[in-house]
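Remarks on the structure that follows.
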């Protein structure tokens, strides 16, 4: 009896194989170019999907916009110079080699030929640590674009920053050397940079990213660029992100920045190195371009990615800043009868 059943299964095997080949052939042929080619409603699922143009490529880009607050320590040391403080006057700088005096050495080189009055205080940088320090605050407006792959990020950005520079105070001899107002109180600084980063921690919709901005900067028209030489700057930060949706994130980024420039008098001689290291806290949003078009049908209530004809669309029932899983609807995780004042009622309806 067992042998007879075994023979029957062997005889049926070619039939089952033929049916599988036929079914596969039907599925391959069930790809229709347009909706007009479909003859029955079920065949609409097999209409060949059209592409979305450049949208899949643009969806890889993350655009960011932020603002915040910066605190800069603007200071310089004068190893190869000296300071002259005349009574009831502003401090003047003199070079140790040639004796030329300067009334401005911050944003440009301005000489001062006036003589030395009796009772003046003088100190040289080779005998004491001298220099000046100023505190500045800034308000940056920053735009970035980056691409993410795995946990790593690479991109570029631009920053436009308003800077208010306070009074300069001496590093030493505070009783003998006067403070002085900055020759340039307010100016705008522009930055352009490359950004590199990587995610180091993630918890549900929260993420922690360590990144760096490396690039150049311009101090504005109030600075004489003919006597100023700038290097690149480094900005190291930690970004805490909160996903609002699959397209939008809210972030806070504290960072510390290293930058400096050298001012060389046009008549030659020693240069003065200014340091502008700063703390920043930026708050902003990042936005990713959706890879699918928003559904065109105003009465469509689908909450998932879905198709109309031969094109796929995303739901129009939730805004791009609201969390929404593209594979199932979650617009209303809590019923209306349990929200607001209704949640205090034992039986809202």
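Computed from the coordinates by the stated procedures, all read-outs in this text should not be read as laboratory data. Predicted model, so just to flag it, every value in this text is computed and none were measured. Cβ placement follows ideal geometry from the backbone for every residue including glycine, while neighbour counts extend to all protein chains displayed.
Could you order the peptides 133-144, 256-267 from most to least packed, using the average number of other C-beta atoms within 10 Å per residue?
Working: 133-144: 17.5, 256-267: 15.9.
Listed from highest to lowest mean packing, they are 133-144, 256-267.
Only Cα pairs under 8 Å and at least 6 apart count here; give the relative contact order of region 146-250 as a rounded whole percent.
Values: 188 pairs, mean separation 23.9, N = 105.
Once normalised by length, the contact order is 23 percent.
Divided by 2.2 N^0.38 Å, where N counts the residues, the Cα radius of gyration of region 186-292 comes to 1.42. The modelled label-to-label distance for the pair residue 225/residue 322, using points 7 Å beyond Cα in the direction of Cβ, is 4.9 nm. Using bins of 5 Å that start at zero, the share of Cα-Cα pairs per bin across region 152-243 amounts to 3, 11, 14, 15, 14, 13, 11, 8, 6, 4, 2, 0, in whole %.
For region 101-182, the equivalent ellipsoid derived from the alpha-carbon gyration tensor has semi-axes of 43, 15, 12 Å in decreasing order.
Throw me the Rg/Rh for region 58-288, computed over C-alpha atoms with Kirkwood Rh, two decimals. Don't skip to the end; give the middle numbers.
Numbers: Rg = 21.6 Å, Rh = 19.7 Å.
Rg divided by Rh gives 1.10.
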